[in-house]
1. Does Leu23 fit the bill of being touching a residue at least 24 places away in the same chain (Cβ under 8 Å) and of a type in the set (A, V, I, L, M, F, W, C)?
2. Quick one: would you say Arg44 is farther than 24 Å from Cys83 by Cβ, under 14 Å from the mean Cα position of the chain (by Cα) and surrounded by 10 or more Cβ atoms within 10 Å (Cβ to Cβ)?
3. Give region 18-37 a look and list any residue that's farther than 25 Å from Tyr89 by Cα, open to solvent by 60 Å² or more (accessible area, probe 1.4 Å) and at pLDDT 95 or above, or say none.
4. Can you name every residue in region 72-89 that is among the hydrophobic types (A, V, I, L, M, F, W, C) and open to solvent by 50 Å² or more (accessible area, probe 1.4 Å)?
5. Kindly provide the set of residues from region 1-43 that are farther than 17 Å from Ile76 by Cα and assigned to a helix (DSSP H, G or I), ordered by number.
6. Answer yes if at least one residue in region 58-68 is open to solvent by 60 Å² or more (accessible area, probe 1.4 Å), without any contact (Cβ under 8 Å) to a residue 12 or more places away in the chain and in a helix (DSSP H, G or I), and no otherwise.
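The values are calculated or read from the model by the stated rules, or taken from the named source; none is laboratory data. What you see is a predicted model, and the numbers here were worked out from it, not measured in a lab. Reconstructed Cβ throughout: ideal geometry from the backbone, glycine too, with neighbour counts over all protein chains shown. These accessible areas exclude ligands, DNA and RNA; they are computed on the full protein's heavy atoms, side chains included. Shrake-Rupley method; radii C 1.70, N 1.55, O 1.52, S 1.80 Å.
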Amino acid sequence: MPASSPLNEFLKWEKEIPHEIFLRQPFNNQWKNWTWATAGIECRKIANALQLIGLPAGSHVAILSKNCAHWIMADIAIMMAGCVSVPIY
């Protein structure tokens, strides 16, 4: 069986359980939830923005952020855009 990628796994769960909670993040003493479907929408918006600025497939895109839900979504979006994420810790 071929190895699956993080993007393929995300797409699988987005399709199979779209309304289940995928990510949770505290904001101002309240929790914000993203389902697989809502995270997919945000990831596609970010991926679209990367493509609109003309990044060719295989481009390296850095992520500089605290550990948070948006870091995960940015990483997935970069993969959706056909690019390679470069985390800066």
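1. Yes; evaluated as a whole, the condition is true for this residue.
2. Considered against the rule, which asks whether it is farther than 24 Å from Cys83 by Cβ, under 14 Å from the mean Cα position of the chain (by Cα) and surrounded by 10 or more Cβ atoms within 10 Å (Cβ to Cβ), Arg44 comes out as no.
3. Hits for region 18-37 are His19, Glu20, Ile21, Gln30.
4. The answer is Ile72, Met79, Val84, Val86, Ile88.
5. Listed by number, the list holds a single entry, Glu16.
6. No, there is no match, as no residue in region 58-68 is open to solvent by 60 Å² or more (accessible area, probe 1.4 Å), without any contact (Cβ under 8 Å) to a residue 12 or more places away in the chain and in a helix (DSSP H, G or I).
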